[in-house]
Amino acid sequence: MILVNRIFADLPNTIFDVMSQAARDLKAINLGQGFPEDPGPLDVREKAADAVLNGYNQYPSMMGIPELRQAIATHYAHWHGLQLDPMSEVMVTSGATEALTGSILGLLQPGDEVLLFQPMYDSYVPIIRLAGGIPKFLRLEPPYWRLPEEAIRAAITPKTRYVILNNPLNPAAVVYPREDLEMLGRICQEHNLIAICDEVWEHVVFDGREHIPLISIPGMRDRTVKIGSAGKIFGLTGWKIGFVCAAPHILRVLAKAHQFITFTTAPSLQVAVAYGLGKPDDYFLQMRADLARSRDRLSKGLSNLGFPVLQSQGTYFLNVDLAPLGLNESDVAFCKRIVHEHKVAAIPVSAFYEENHVTSVVRFCFSKKDETLDTALERLTHVLHG
């Protein structure tokens with residue numbers, strides 16, 4: 001018998017793979033997986049192409065090319081008033097998932113407890129377990145998905161060392177207000193916790209909302225890991241360029257983990273991202289406006305069909321809560337039914353829970369062309385009423 005690591009061997013295929021494969025097999029419209037149909041900003045792509053043809057294509061600095069690290073620090077100073085030393089507090093990784101993995105593997109020791117808010121990105125739990133950590137799950141609930149202070153405090157034990165926060169939150173599409181972040185910051189300081197913050201959707205916020213990094217909350221500067229993603233900022237999800245920002249004593253450790261995971265990241269893409277982060281504010285604001293328009297198009301269409309649509313404050317996603325409809329089927333059964341019978345793929349939000357699942361919410365991706373959204377809505381016309 002061949003022995004394998006049970007943490008990974010026992011994992012099922014992710015629901016994202018299952019639904020995307022179903023969409024391909026059935027020639028369905030894929031509103032499940034979160035990627036835009038737009039190819040991304042032309043000038044940024046041209047910078048990458050030029051860097052491949054005329055630039056440096058050997059190993060770049062393990063920490064990231066200096067011009068990108070400076071661009072990240074400058075960008076966050078401009079947008080968030082966050083002052084970072086690009087040489088000691090900023091690192092580039094091969095995507096935000098690598099940044100998360102390196103942060104977890106670099107920081108956790110066996111037996112450390114980590115607070116997690118469900119729904120959550122599916123990579124957190126297996127990596128925590130691989131590091132010997134113990135995940136502790138806190139349930140967020142629709143329609144507001146607010147952070148539950150009493151439950152957080154009740155979950156903390158002498159072994160609790162870390163909390164992972166995704167803000168803006170995928171799949172719930174919530175942008176957390178300052179009062180929630182200040183509350184979490186107080187708890188972290190009271191109990192000497194380090195926060196690992198998955199902030200990949202930081203620029204994808206709507207209706208005048210502001211993303212507030214937890215690292216900017218008073219008292220959190222030296223106990224927060226901030227993780228960002230060029231893929232989400234520029235709609236270039238295949239580029240896999242992640243950012244890690246942390247105080248020097250933390251980043252030194254994370255750099256050692258990064259060294260033995262991917263070591264470095266394509267220099268041509270780094271050059272292009274450095275250019276992109278310096279684009280004028282109008283680019284980022286127009287990106288938000290365009291996505292908000294797509295959100296509103298899908299939201300209005302679903303509402304007109306009778307779906308109870310939950311508010312989407314950020315990310316590429318909006319959710320519908322099936323509970324008021326009395327359909328007598330779970331979110332998983334609903335998603336399977338609509339992809340097979342109506343040729344539209346969506347994601348059941350219960351897939352983002354490890355335990356104590358919310359089973360009535362379904363996530364749709366709206367970062368698509370108008371004609372894609374309109375065709376999906378047309379196909380969903382008879383889902384509720386036969």
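General remarks:
- Residues in region 226-238 carry Karplus couplings, in order, of 9, 10, x, 8, 5, x, 7, 5, 10, x, 10, 5, x Hz; the curve used is 6.51 cos²θ - 1.76 cosθ + 1.60 with θ = phi - 60°, and Gly or Pro positions show x.
- Taken one residue at a time, the phi angles of region 19-24 give Karplus couplings (6.51, -1.76, 1.60, θ = phi - 60°) of 6, 5, 5, 4, 4, 5 Hz. Gly and Pro are set to x.
- Separation between Cα centres of region 328-348 and region 141-213, rounded to whole Å: 30
- Among the chymotrypsin sites (Phe, Trp or Tyr not before Pro) in region 229-263, those placed in a DSSP loop whose Cβ has at most 13 other Cβ atoms within 10 Å are F260, F263.
- Accessible surface of the chain [probe 1.4 Å, protein heavy atoms]: carbon and sulfur percent: 53
- Net +/- balance of residues flanking H75 in space, Cβ distance below 14 Å, scoring K and R +1, D and E -1: -1
- For I196, distant residues with modelled amide H under 5 Å away: V163, I164, L165, V225
- Residue-count net charge about P177 - beta-carbon cut-off 11 Å; Lys, Arg +1, Asp, Glu -1: -1
- Taking a point 7 Å from the Cα of I7 along the Cα-to-Cβ direction, the residues of region 62-106 with backbone N closer than 13 Å to it are 101-106.
- Qualifying trypsin sites (Lys or Arg not before Pro) for region 1-85 [loop in DSSP, other Cβ within 10 Å: at most 16]: K27
- Amide H to amide H distances under 5 Å link L82 with A77, where only residues 5 or more positions off or on other chains count and H is placed in the peptide plane.
- Accessible area per residue for the chain, computed on protein heavy atoms with a 1.4 Å probe, is 42 Å².
- Loop-located GluC sites (Glu not before Pro) in region 120-212, at most 16 other Cβ atoms within 10 Å (DSSP): E210
- Placed amide H near S229: partners under 5 Å, 5+ positions off or other chain: F243
The values are calculated or read from the model by the stated rules, or taken from the named source; none is laboratory data. Note that the coordinates shown come from a computational prediction; the quantities given were computed from them, not determined experimentally. Because the Cβ atoms are built from the backbone with ideal geometry, glycine has one as well, and the counts that use them run over all protein chains shown. Heads up: the accessible areas ignore ligands, DNA and RNA and are worked out on the full protein's heavy atoms, side chains in. Shrake-Rupley method; radii C 1.70, N 1.55, O 1.52, S 1.80 Å.
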